[in-house]
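S.K.: One structure is given below, represented as structure tokens, and several questions about it will come after.
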Amino acid sequence: MKSKEIIEHIVKWLKDYSDNSKTNGYVIGISGGIDSAVTSTLCAITGKRLMVLNMPIRQFKNEFDRSNEHIEWLKTNFKNVESATVELTPVFEAFENSIPKETQDFLTMANTRARLRMTTLYSFATHHKLLVAGTGNKVEDFGVGFFTKYGDGGVDLSPIADLYKTEIYQLAKELNVPASIQNAKPTDGLFADGRTDEDQIGATYPELEWVMEYIQANESSDLNDRQKKVMEIYSRRHAANLHKMNPIPVCIIPKELK
């Protein structure tokens with residue numbers, strides 16, 4: 001993979017999009033993970049205004065600390081970066097206290113966290129005339145749909161959505177993002193028990209990437225037991241999450257009925 005050339009390509013794409021949309025730059029939520037670290041660095045390289053937000057909601061200390069470490073790294077290396085910490089725990093708890101207890105399952109409340117962050121990002125974006133930069137990768141956005149609809153999936157543009165997770169790690173190495181982020185296990189940070197992405201999905205990102213490549217190549221080779229299991233995980237999640245990946249369905253009214 002030609003990491004330097006890909007970085008240059010994405011940076012130009014980001015800058016052109018902002019210029020054409022007459023916006024001032026970008027706003028992005030920093031999670032302490034590899035995707036937001038790479039995306040924010042690419043946005044910073046454009047030289048346009050970049051606001052990075054740390055938005056903790058009952059966050060684990062190591063995730064919060066990694067977010068701040070990356071934010072400080074960005075501000076040290078790029079003069080166009082501004083930051084803010086928006087403590088959303090009270091907002092989350094107010095919502096939690098306002099809805100029936102029986103609706104507060106793990107997934108519902110995890111998605112609520114992501115949607116509160118999306119709302120926060122757009123409040124900054126609208127006020128400062130910025131674009132909300134998405135951090136979804138190819139596996140998440142077009143493979144298993146591992147994102148929250150109208151949460152972290154609610155963005156203006158997606159700079160790294162055509163890159164696999166393993167490719168994003170290669171960009172992170174080229175960009176010299178903090179080692180603590182490069183070495184951290186991927187997690188969306190939405191669950192109180194600290195589960196990783198692999199815990200949630202049941203497969204690693206390299207395994208899911210293999211499935212996507214296998215399907216794209218239309219292969220028909222014999223699979224071992226683990227490959228069959230990963231294929232089943234991928235197929236089930238892909239089918240269940242198509243509503244996130246496809247455009248919102250519109251009921252077209254026949255002309256003769258109008």
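The values are calculated or read from the model by the stated rules, or taken from the named source; none is laboratory data. A quick note: this is a predicted structure, and the numbers were derived from the prediction, not measured. Cβ sites come from the backbone with ideal geometry, for glycine too, and all protein chains shown count toward neighbours.
S.K.: Just checking, which of V91, V86, V81 is crowded, with 20+ Cβ neighbours inside 10 Å and modelled with pLDDT of 95 or more?
M.R.: None of the others qualify; the one that does is V81.
S.K.: Among the residues of segment 132-149, which ones are more than 11 Å from the chain's Cα centre (by Cα), aliphatic (A, V, I, L, M) and surrounded by 22 or more Cβ atoms within 10 Å (Cβ to Cβ)?
M.R.: V144, the sole residue that qualifies.
S.K.: Among the residues of segment 90-124, how many are more than 16 Å from I57 (Cα to Cα), part of a helix (DSSP H, G or I) and of a type outside the set (D, E)?
M.R.: 5
S.K.: Check Y205, Y169 and return the single one that is within 30 Å of A44 (Cα to Cα), among the hydroxyl-bearing types (S, T, Y), in contact (Cβ under 8 Å) with a residue 40 or more places away in the chain and crowded, with 20+ Cβ neighbours inside 10 Å.
M.R.: Going through Y205, Y169 in turn, just one is within 30 Å of A44 (Cα to Cα), among the hydroxyl-bearing types (S, T, Y), in contact (Cβ under 8 Å) with a residue 40 or more places away in the chain and crowded, with 20+ Cβ neighbours inside 10 Å: Y205.
S.K.: Also: Based on this model, can you work out whether V211 counts as of a type in the set (V, I, T) and not in a loop (DSSP other than H, G, I, E, B)?
M.R.: Yes; evaluated as a whole, the condition is true for this residue.
S.K.: If I filter segment 54-69 for residues that are surrounded by 17 or more Cβ atoms within 10 Å (Cβ to Cβ), at pLDDT 95 or above, in a strand (DSSP E or B) and touching a strand residue (DSSP E or B) at 6+ places or on another chain (Cβ under 8 Å), do I get at least one hit?
M.R.: Yes, there is a match, as at least one residue in segment 54-69 is surrounded by 17 or more Cβ atoms within 10 Å (Cβ to Cβ), at pLDDT 95 or above, in a strand (DSSP E or B) and touching a strand residue (DSSP E or B) at 6+ places or on another chain (Cβ under 8 Å).
S.K.: What is the residue count in segment 223-258 for residues that are closer than 20 Å to L208 by Cβ and either assigned to a loop (DSSP other than H, G, I, E, B) or among the polar types (S, T, N, Q) (or both)?
M.R.: Result for segment 223-258: 6.
S.K.: Moving on. Does segment 119-137 include one or more residues that are charged (D, E, K, R), out of contact with any Leu (no Cβ under 8 Å at 6 or more places or on another chain) and under 22 Å from E198 (Cβ atoms)?
M.R.: No, segment 119-137 has no match at all.
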